[in-house]
Amino acid sequence: MLTEEQVRAAIATAVDRVGADTMDPDMDFDDAGLDSLDHAQILIRVEELYGVRVADEDFAECRSIAAIVAYSARPGPA
């Protein structure tokens with residue numbers, strides 16, 4: 001399971017124009033000024049750094065720090 005700090009680190013390395021350390025964990029990426037490309041880059045960095053892959057069909061639900069943390073805690077496929 002990822003921590004908020006790990007997701008913030010992925011955001012900081014994927015997107016340099018937003019202060020990941022000051023983002024509210026529940027803030028939607030759109031509200032933080034991030035676009036769909038930024039969103040994709042964040043999830044790619046999460047996978048590269050921590051091995052957590054977000055399935056294509058689940059991409060839309062991982063739109064905040066808290067949502068990515070919660071997603072990472074879900075049990076994997078059987």
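Table for the structure above
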{"quantity": "Cut-off of 10 Å, at most 16 other beta carbons, DSSP loop: longest stretch of the chain lacking such trypsin sites (Lys or Arg not before Pro)", "calculated": "18-52"}
{"quantity": "J(HN,Hα) series, region 40-55, from Karplus relation 6.51 cos²θ - 1.76 cosθ + 1.60, nearest Hz, glycine and proline x", "calculated": "4, 5, 4, 5, 5, 5, 4, 5, 4, 7, 10, x, 8, 9, 9, 4"}
{"quantity": "Alpha-carbon Rg/Rh ratio, for the chain, with Rh computed the Kirkwood way", "calculated": "0.92"}
{"quantity": "Backbone N under 17 Å from the Asp31 label point (7 Å along Cα→Cβ), restricted to region 54-72", "calculated": "61-70"}
{"quantity": "Computed helical MRE - 222 nm, the chain, DSSP H runs ≥ 4 contributing -39500 (n - 2.57), nearest 500", "calculated": "-14000 deg cm²/dmol"}
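Laboratory data are not the source of any read-out in this text; all were calculated from the coordinates shown. Given the structure is predicted, the values throughout are model-derived calculations rather than measurements. Note: ideal-geometry Cβ built from the backbone for every residue, glycine included; neighbour counts use all protein chains shown.
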